[in-house]
Amino acid sequence: MSLSLPKEMLVQFLASAIAGMIEWWITHSMPYSEADVVEQLWALMERNQMVPQPLE
């Protein structure tokens, strides 16, 4: 099944996921370093083939 999403919806989804992860990190007393959070977020996006492409 091929699903074509408008770019605006994909951007909103990614922004919400990132904001949610940062909120979790802060409300749990920042149990990981900033670098660890970025690394894990990037790994999650790569695993789900959601790494952002450069804007045109």
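Just so you know, all these numbers are worked out from the coordinates, no wet-lab data involved. Remember, predicted model here, so these are calculated numbers, not experimental data. So basically every Cβ, Gly included, is an ideal-geometry build from the backbone, and we count neighbours across all protein chains shown.
Loop-located GluC sites (Glu not before Pro) across segment 1-36 with a Cβ neighbour count of 15 or fewer within 10 Å are lacking, with loop assigned by DSSP. The phi-based Karplus calculation (6.51 cos²θ - 1.76 cosθ + 1.60; θ = phi - 60°) puts the 3J(HN,Hα) values of segment 27-37 at 5, 9, 6, 6, x, 10, 5, 4, 4, 5, 4 Hz, whole numbers, x for Gly and Pro.
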